[in-house]
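Heads up: the structure comes next, in structure tokens.
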Amino acid sequence: GQNIDQPTEMTATEGAIVQINCTYQTSGFNGLFWYQQHAGEAPTFLSYNVLDGLEEKGRFSSFLSRSKGYSYLLLKELQMKDSASYLCALRGYGGATNKLIFGTGTLLAVQP
Amino acid sequence: GAGVSQSPSNKVTEKGKDVELRCDPISGHTALYWYRQSLGQGLEFLIYFQGNSAPDKSGLPSDRFSAERTGGSVSTLTIQRTQQEDSAVYLCASSLDASGSSSYEQYFGPGTRLTVT
């Protein structure tokens, strides 16, 4: 089976940098997604990591270490609109290549 | 173009009744997924369809849940004899071809909020 852990809640200040961690235990996976979900809205895609290392996309970056079972999402120059839940998800393996297994998400509150 | 749409947006039903939830995927997307999000919980995979292949039903929680996808497009998730624990937001997503190692992202619909009283 697969187990994905994220902190439940985090608070950060506008303009600052925040790192949201995701740790997992799994027998195998194809890649790791990060999604953003504002309250009452659908999740939207942020990033996808297949290989170890850092993927940068504007203010958002995502890192993956398969050997450590660890990923993080880094948000820079925080804005109030970044207040949302951030979901880590593993993409299936073998015959279930596109099934996503989600963590419970991290609720980020950005304060002025 | 239009994104993934779902209907109804909200559904309140009495325990024991059957409900049908509808999903219209993005045109051209061959893969379609259903997830469930309960209060305070992460998204839980239910079922996914890929083209004409047999669906992956491994996430359906009981035989009261079923889904079909007609003509490779619209999908309907049916919950029979609803129970209070079925109350959740049901999210549909679609993506381009899910086969192989493609990293096609899943585009989510706005969800259907189901409340079983």
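We did not get these values from a lab; they are worked out from the coordinates using the rules stated. Small disclaimer: the values here were computed from a predicted structure and weren't measured. Don't worry about glycine lacking a Cβ; one is built from the backbone with ideal geometry, like all the others, and counts go over all protein chains shown.
Things to note:
- The dipole here belongs to chain A: it is taken about the Cα centre, uses +1 on the Cβ of Lys and Arg and -1 on the Cβ of Asp and Glu, and is about 300 debye.
- Counting every other Cβ atom within 10 Å of each residue's Cβ, B:D63, A:D82 order from fewest to most as B:D63, A:D82.
- Estimated at 0.36 nm per residue, the fully extended path between B:E68 and B:R113 surpasses their Cα-Cα distance by 14.2 nm.
- All-pairs Cα distance distribution in chain A, expressed in whole percent, bin size 5 Å: 2, 12, 24, 25, 19, 10, 5, 2, 0, 0
- For the pair A:T11 and B:Q80, a Förster radius of 35 Å applied to the C-beta separation gives a FRET efficiency near 0.25, rounded to the nearest 0.05.
- Amide H to amide H, with H built 1.01 Å from N, B:A67 comes under 5 Å of B:T78, counting only residues 5 or more places away or on other chains.
- Gyration tensor over alpha-carbon atoms, the protein assembly as shown, equivalent ellipsoid semi-axes in Å: 29, 21, 16
- Amide H contacts under 5 Å for B:S5, placed H, 5+ residues apart: B:D24
- Cα-based equivalent ellipsoid of segment B:23-79: semi-axis lengths in Å, sorted from largest, via gyration tensor: 20, 13, 10
- Every Cα-Cα pair in segment A:1-66 was counted, and those over 14 Å apart are 67% of them.
- The three principal axes of the Cα atoms in segment B:40-117 give end-to-end lengths of 41, 25, 20 Å, sorted in falling order.
- Set B:K15/B:K57; A:K99/B:K17; B:K17/B:K57 screened for pairs whose C-alpha atoms are more than 27 Å apart: A:K99/B:K17
- Across segment A:61-70, rounded Karplus estimates of 3J(HN,Hα) from the backbone phi angles (6.51 cos²θ - 1.76 cosθ + 1.60, θ = phi - 60°) give 9, 10, 10, 9, 10, 5, 5, 9, x, 8 Hz, Gly and Pro being marked x.
- Cα centroid separation, segment A:22-39 to segment B:11-25: 29 Å.
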